[in-house]
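Novice: Starting off with a structure, shown below.
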2 protein chains.
Amino acid sequence: MKILTNTTKQVNVNEECDRKGDSSLTSGDCNDQRKQQYEQEQRLKLKLRKIKHKIAIISGKGGVGKSTVTVNLAMAFAINEHKNQVGILDADIHGPCIPKMLGLKGQKLIGGPGGMLFPVTNEQGIKVVSMDFLLPNDEAPVIWRGPLKMKVIQQFLSDVTWGDLDYLFVDLPPGTGDEPLSVMQLIPDIDGVIIVTMPSEVSESVVKKSVTFAKQVGIPVIGIIENMSGFVCPDCGAKIDVFKAGGGKRIADDMAIPYLGSIPLDPKICTDSDGGLSFIVKDKNSPATKAFREIISKIELFLQKTGIEESINL
Amino acid sequence: MKILTNTTKQVNVNEECDRKGDSSLTSGDCNDQRKQQYEQEQRLKLKLRKIKHKIAIISGKGGVGKSTVTVNLAMAFAINEHKNQVGILDADIHGPCIPKMLGLKGQKLIGGPGGMLFPVTNEQGIKVVSMDFLLPNDEAPVIWRGPLKMKVIQQFLSDVTWGDLDYLFVDLPPGTGDEPLSVMQLIPDIDGVIIVTMPSEVSESVVKKSVTFAKQVGIPVIGIIENMSGFVCPDCGAKIDVFKAGGGKRIADDMAIPYLGSIPLDPKICTDSDGGLSFIVKDKNSPATKAFREIISKIELFLQKTGIEESINL
């Protein structure tokens, strides 16, 4: 059985039309579609040019807290001098969680002239785009194969009126398949990826794949965050490692990437997420918030450094 | 923006060859490929006919414990009169966890004559096939788009010497995309799906999509399991709902599907999984094992009932 580990082939109109003698699409269809695709690519470039920093949050493993990290990252920047300058692209097409976690359930993307789409904006001015805003209810699944997911992510980037942003955070589903590949292809000047893990060895072995993925597609790894790391019993204060501890640090050491820090397991984080609140706003003095602040400063440092390097390179 | 929620289109040779006038494939190529595909489909049918019960474990949300449930389900049947009659297909191509959880890391699928593949077998005779057995190391990602994933799942089913099995459990990645769709299409006589959730509302809203998915593709829902439900502090005995509680029961009630039970959050489950052990074997008297035994009896009841119904229908 042949294993390909570097398939980055993109499904697009040009390939479809370039098939010699393919008569399922007429020459007119192809010209129209090529024109449409070209226009979309131009819109995409224009939109991305107005966004200073683009950061994706990835993980090989599901349920490690990517969306929690994304929401709190966005909130941290939005409440610190970047109000109305932060966006979140929820690229988890099958299981979009961001709207629920930001208290935006039930909202819809609003359309404008010429196919424009306006993101949903929360109290702190975070602009959010998610598949969830297009579904009739929670129960509706999106039963899509890869090419359709690529298309919708492209539309989310090119047809949404993001405006001028300082930061766009892209929350990706687990794995190294269609969604992460599409995002990396569509946003070639992405600043980097933040990798989230939980401490278990099972998670460790899967999350390592994300680090290799980022390296293979040539995207800088900003660092790794260990979520759900240790638990302090609210009744007796005992420290219990529900999912063990130290997996994040081990990945960082093994794969020579920066370790950003660990976020403790805290029942309040779940309650806050369910209530549409960010824990760093709701529980300002909790150990999780303190840990998260340190993580943020390391991310800011990374962005400043790369910023300086970029200006030097200019 | 148009949303399709029922796209079950399959990428196959016939479609490729049926394109009128497509000269990228010659007529000879097409005949060869059609023949190969036909032979593979026949092998698939033959293989599936020898497996009495096929059950998929799904969830809209990642990290809820699908693989833990799969491993312990397989183990429960393997140690109870079905030794050497149980198989696991790890259909999570990007993040395969089953080998690690069964202590089979580092093993490889062994090839035989005519492209045959032999599954890796554990101590209890559970036959396992996983992408992990084909990768050089933990760090190697599988950067594949959907069609390749469909192909490898098809090969796992048709080219592996599963032999006569009483039960085949299919562990699926989160979501309602390529992998679940492929499995449902490739195993049309699947007994049903078991849905796994964790108690949070965020998980609830996403997992509901899996129920609709199963209903839309016409697969019976055996029931839902709530994992990581409540936590008892090992030091003081206090019960803490780390991820809240009751989400699984609410989904069952809201969507009129059977509720199979809840598995408490227990640090031993993580330690056992990391150590390649099944918690129902390692911790025979734990609350988690007791809860799991009740779940198993409900699943057996479902299979007996559908078995009786099937014989009546004959």
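Novice: What residue, among those in segment A:242-270 that are in contact with a helix residue (DSSP H, G or I) (Cβ under 7 Å, 6 or more places away or on another chain) and assigned to a loop (DSSP other than H, G, I, E, B), is surrounded by the fewest Cβ atoms within 10 Å (Cβ to Cβ)?
Specialist: A:Pro258
Novice: Filter segment A:291-307 down to the residues that are farther than 15 Å from A:Glu226 by Cβ and open to solvent by 100 Å² or more (accessible area, probe 1.4 Å), then identify the one that is modelled with the lowest pLDDT.
Specialist: Filtering segment A:291-307 for residues that are farther than 15 Å from A:Glu226 by Cβ and open to solvent by 100 Å² or more (accessible area, probe 1.4 Å), the one modelled with the lowest pLDDT comes out as A:Lys305.
Novice: If I ask for residues that are of a type in the set (A, V, I, L, M, F, W, C), under 18 Å from the mean Cα position of the chain (by Cα) and either part of a loop (DSSP other than H, G, I, E, B) or on the phi > 0 side of the Ramachandran plot (or both), which ones from segment B:109-133 would you list?
Specialist: Scanning segment B:109-133 gives a single hit, B:Ile126.
Novice: Restricting the search to segment A:233-244, which residues are over 11 Å from B:Asp235 (Cβ atoms) and of a type outside the set (Lys, Arg)?
Specialist: If the condition is that a residue be over 11 Å from B:Asp235 (Cβ atoms) and of a type outside the set (Lys, Arg), then A:Pro234, A:Asp241, A:Val242, A:Phe243 are the ones that fit.
Novice: Any residue at all in segment A:147-158 that's open to solvent by 40 Å² or more (accessible area, probe 1.4 Å) and under 19 Å from B:Pro174 (Cα atoms)?
Specialist: Yes, some residue in segment A:147-158 is open to solvent by 40 Å² or more (accessible area, probe 1.4 Å) and under 19 Å from B:Pro174 (Cα atoms).
Novice: For A:Asn80, work out the one condition from (1) away from chain B (no Cβ under 13 Å); (2) at pLDDT 95 or above it doesn't fulfil.
Specialist: Just one mismatch for A:Asn80, condition (2).
Novice: Follow-up question, since we're still on this one. Could you tell me whether B:Ile219 is modelled with pLDDT of 95 or more, within 19 Å of the chain's Cα centre (by Cα) and either farther than 25 Å from A:Asp272 by Cα or surrounded by fewer than 18 Cβ atoms within 10 Å (Cβ to Cβ) (or both)?
Specialist: Answer is yes for this residue.
Novice: Does B:Val64 satisfy the condition of being open to solvent by less than 10 Å² (accessible area, probe 1.4 Å) and outside any helix (DSSP H, G or I)?
Specialist: yes
Novice: I'm checking my understanding of the structure. Among residues of segment A:22-61 that are β-branched (Val, Ile, Thr) and either part of a helix (DSSP H, G or I) or within 14 Å of chain B (Cβ to nearest Cβ) (or both), which one is surrounded by the most Cβ atoms within 10 Å (Cβ to Cβ)?
Specialist: Only one residue tops the list, namely A:Ile58.
Novice: Among (1) in a helix (DSSP H, G or I); (2) at pLDDT 75 or above; (3) not charged (D, E, K, R), where does B:Cys17 come up short?
Specialist: It is condition (2) that B:Cys17 fails.
Novice: Restricting attention to segment A:123-136, which residues are more than 9 Å from chain B (Cβ to nearest Cβ), open to solvent by less than 10 Å² (accessible area, probe 1.4 Å) and more than 18 Å from A:Ile187 (Cβ to Cβ)?
Specialist: Residues satisfying the conditions are A:Gly125, A:Ile126, A:Phe133.
Novice: I'd like to check something: does segment B:91-108 contain any residue that is more than 13 Å from chain A (Cβ to nearest Cβ), open to solvent by less than 10 Å² (accessible area, probe 1.4 Å) and under 17 Å from the mean Cα position of the chain (by Cα)?
Specialist: No, every residue in segment B:91-108 fails to be more than 13 Å from chain A (Cβ to nearest Cβ), open to solvent by less than 10 Å² (accessible area, probe 1.4 Å) and under 17 Å from the mean Cα position of the chain (by Cα).
The values are calculated or read from the model by the stated rules, or taken from the named source; none is laboratory data. Quick caveat, the model's predicted, so the values are computed rather than measured. Note: ideal-geometry Cβ built from the backbone for every residue, glycine included; neighbour counts use all protein chains shown. Only protein heavy atoms, including side chains, enter the accessible area calculation; ligands, DNA and RNA are left aside. Shrake-Rupley method; radii C 1.70, N 1.55, O 1.52, S 1.80 Å.
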